[in-house]
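Enquirer: Here it is, the structure in full.
Please treat every number below as a calculation from the coordinates, not as lab data. All figures in this text were calculated on a predicted structure; none of them were measured in a lab. A quick note on method: Cβ atoms are made from the backbone with ideal geometry, for glycine too, and the neighbour counts reach across all protein chains shown.
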Amino acid sequence: MSKLSATAFLAQRVSSINAMSELCEVTGADVQEVAKAIGMDSRIGSKFLQASVGFGGSCFQKDILNLVYISKSLGLNEVADYWEQVIIMNNHQRTRFARKIINTLYDTVSGKKIAFLGWAFKKDTNDTREAAAIYVADILMDEQAKIHAYDPKVTANQMQANLNYLNTRSVEENAKLLTTEQDPYQAVKGAHAIAVLTEWDEFKTYDWQKIYDSMTKPAFVFDGRNILDKTKLETIGFQVKAIGK
């Protein structure tokens with residue numbers, strides 16, 4: 001019970017700041033400034049307040065769903081509903097990110113090239129269990145977007161297996177709509193938009209002027225991890241959409 005509770009509390013913090021990120025976008029606030037402010041409160045603390053496209057990995061969702069199952073099996077429906085909302089919010093954040101890409105690209109991504117930077121659920125790993133990139137790609141591919149994905153550690157077979165596991169399209173269609181690139185500059189070449197799905201440090205060091213010059217204009221960047229310098233990219237000419245800003 002302690003293990004399930006600890007996982008649930010951490011996931012709850014992520015979903016809480018992600019819920020605030022949507023409110024920040026609408027009101028004009030900056031979710032990173034909000035997170036910094038509330039993190040200075042010793043009763044809250046600063047950890048697990050990084051707004052993003054959503055959490056992934058094996059533990060958060062699995063443990064929360066176990067907690068929901070235990071609660072329901074004991075007739076504690078209100079408790080189950082409370083913790084299930086953490087998962088609902090996480091799913092909403094992934095869907096919201098994908099829909100923002102579609103809406104920003106003039107309500108259609110059919111036939112458009114969308115470059116994914118990152119596929120793993122977090123940096124410095126090849127673990128893709130419940131990775132946000134899988135679900136964002138799935139929504140965009142339903143709209144016939146052409147995804148070109150680059151991740152330093154995740155293989156093409158792994159990416160295809162992730163999508164095939166969802167069973168929303170045929171294996172052949174997934175292979176047609178998803179291309180895995182070994183070179184990030186090739187992934188972004190000619191792209192209508194870039195979506196940052198994993199917080200790999202190397203993404204910050206790229207030659208973003210070179211990337212901008214190679215893309216279809218207007219060039220959009222959707223930063224799902226808030227790791228890029230939004231002001232710098234906008235100075236280059238990018239139109240940047242960041243979580244909670």
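Enquirer: How much mean residue ellipticity at 222 nm does the chain get from its helices, if each DSSP H run of length 4 or more adds -39500 (n - 2.57) and you divide by all residues, to the nearest 500 deg cm²/dmol?
Expert: That calculation yields -16000 deg cm²/dmol at 222 nm.
Enquirer: Return the tail of the calculated pair distribution for the range 184-238, meaning the percent of Cα-Cα pairs more than 19 Å apart.
Expert: 16
Enquirer: What FRET efficiency, computed as 1/(1 + (r/R0)^6) with R0 = 45 Å and r the Cβ-Cβ distance, is obtained for Met40 and Asn126, rounded to the nearest 0.05?
Expert: 0.80
Enquirer: Now for a separate question. Which three lengths, in whole Å and largest first, does the range 113-245 cover when its Cα atoms are put on their principal axes?
Expert: Largest first, the range 113-245 extends 41, 29, 28 Å along its Cα principal axes.
Enquirer: Also, I was wondering about something else. Tell me, what is the FRET efficiency for Ala29 and Gln85 to the nearest 0.05, using R0 = 25 angstrom and their Cβ-Cβ distance as r?
Expert: Once rounded, the FRET efficiency stands at 0.65.
Enquirer: State to the nearest 20 debye the size of the charge dipole of the range 1-133 about its Cα centre, where the only charges are +1 on K and R beta carbons and -1 on D and E beta carbons.
Expert: 360
Enquirer: Sticking with this one: Taking the Cα atoms of the range 117-192, report the difference between the largest and smallest coordinate on each principal axis, in whole Å and largest first.
Expert: 29, 29, 17
Enquirer: So what is log10(I(q)/I(0)) for the range 108-151 at q = 0.15 1/Å, when the Debye sum runs over its Cα atoms only?
Expert: The Cα Debye sum returns log10 ratios of -0.36.
Enquirer: In addition: I'd like the distance between the alpha-carbon centres of the range 125-203 and the range 6-80, rounded to an integer number of Å.
Expert: Centre-to-centre (Cα) distance: 25 Å.
Enquirer: If R₀ is 51 angstrom, what is the calculated FRET efficiency for the pair Glu172 and Leu74, using the beta carbon separation as r and rounding to 0.05?
Expert: E(calc), rounded to 0.05, equals 0.65.
Enquirer: What nm distance separates the two modelled labels at Glu202 and Met1, each placed 7 Å from Cα along Cα→Cβ?
Expert: Label at Glu202, label at Met1, 4.6 nm between them.
Enquirer: With contacts defined as alpha carbon pairs under 8 Å and 6 or more residues apart, what's the relative contact order of the chain in percent?
Expert: 21
Enquirer: Stokes-Einstein at 37 °C, 0.692 mPa s, Kirkwood radius from Cα pairs: D for the range 1-119 in µm² s⁻¹?
Expert: 205
Enquirer: Another question, then. Could you give the semi-axes, largest first, of the ellipsoid that matches the range 68-180, computed as the square roots of 5 times the alpha carbon gyration tensor eigenvalues and rounded to whole Å?
Expert: 29, 17, 13
Enquirer: Where q = 0.07, 0.08, 0.12, 0.15 Å⁻¹, what log10 of I(q)/I(0) comes from the Debye formula for the chain, counting one point per Cα?
Expert: -0.24, -0.31, -0.69, -1.06
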